[in-house]
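All of the numbers you see were taken from the coordinates with simple rules; none came from a lab. Note that the coordinates shown come from a computational prediction; the quantities given were computed from them, not determined experimentally. Note: ideal-geometry Cβ built from the backbone for every residue, glycine included; neighbour counts use all protein chains shown.
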Amino acid sequence: MFVSVRALVCTILSLLLLNVAGALSTTSEATVDLEGLVISDLVKNFSASIDLESFLNNLITLDFTAGNILILEMTLETVSALTGVNGTAFMSFNHTFDPPVVVPVLGTADSGTIDNVLMVQGTINSLNIIPLGELDILDMNITARIGSLDGVGGIPLPFNGLTQSDVPTTYSLQTLSV
């Protein structure tokens with residue numbers, strides 16, 4: 001009983017907050033006006049892993065830490081992004097989180113490994129960005145559920161066209177071990 005009452009209260013508070021923020025549309029699928037509901041610094045850091053095969057297929061693995069500045073739980077379902085440096089794209093990826101990533105209220109969560117991140121300029125041509133230690137998010141689209149409870153329920157909201165500068169980024173180069 002307590003969980004269902006808690007879920008109901010969270011849903012009602014979520015709807016009220018989103019309505020006040022001007023984020024709800026009249027359709028069954030909610031949309032977000034990013035000026036009405038601010039999602040800033042969603043990505044706290046990136047961690048990229050480059051292996052020897054990456055130099056042949058231009059694919060790496062990546063994970064990131066997602067931050068939640070909202071007073072409601074956020075559950076990430078999908079992400080697509082183009083990242084780079086000074087307006088030049090270096091990485092592109094699309095990913096569906098399975099299971100979805102639950103980012104707690106005012107907290108952070110790891111995305112888990114995202115495979116097949118394309119090095120748009122090629123892996124060899126992208127090595128010069130490693131010493132910079134940061135990436136810009138040139139364009140990011142996320143499907144999330146706001147106001148979920150332990151990853152269940154919530155209001156589905158697409159966050160489209162997100163940008164962010166100077167995201168701390170670490171790189172690891174995996175070597176061949178025999």
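Give, as ranges by residue number, the residues of segment 114-143 whose backbone N falls under 17 Å from the point 7 Å along Cα→Cβ of N86.
Counting only backbone N, you get 121, 125-138.
Multiply the residue gap between I130 and N94 by 0.36 nm, knock off their C-alpha separation, and tell me the result in nm, one decimal place. All intermediate terms of the calculation are to be shown ahead of the outcome.
Details: separation 36, 0.36 × 36 = 12.96 nm, distance 2.18 nm.
So the extension gain works out to 10.8 nm.
If you average the C-alpha positions of segment 69-99 and of segment 134-168 separately, how far apart do those two centres end up, in angstrom?
6 Å
Using a Förster distance of 45 angstrom, determine the FRET efficiency expected from the C-beta separation of L173 and V152, and round it to 0.05. Don't jump to the answer; show the numbers that get you there.
On the way: r = 39 Å, r/R0 = 0.87.
My answer for the efficiency is 0.70.
Where the centre of each part is set by its Cα atoms, how far does segment 48-62 sit from segment 103-119, in angstrom?
When both Cα centres are located, 18 Å separates them.
So if R0 is 22 Å, what FRET efficiency would S165 and D63 give, r being the distance between their Cβ atoms, rounded to the nearest 0.05?
Numbers: r = 20 Å, r/R0 = 0.90.
E(calc), rounded to 0.05, equals 0.65.
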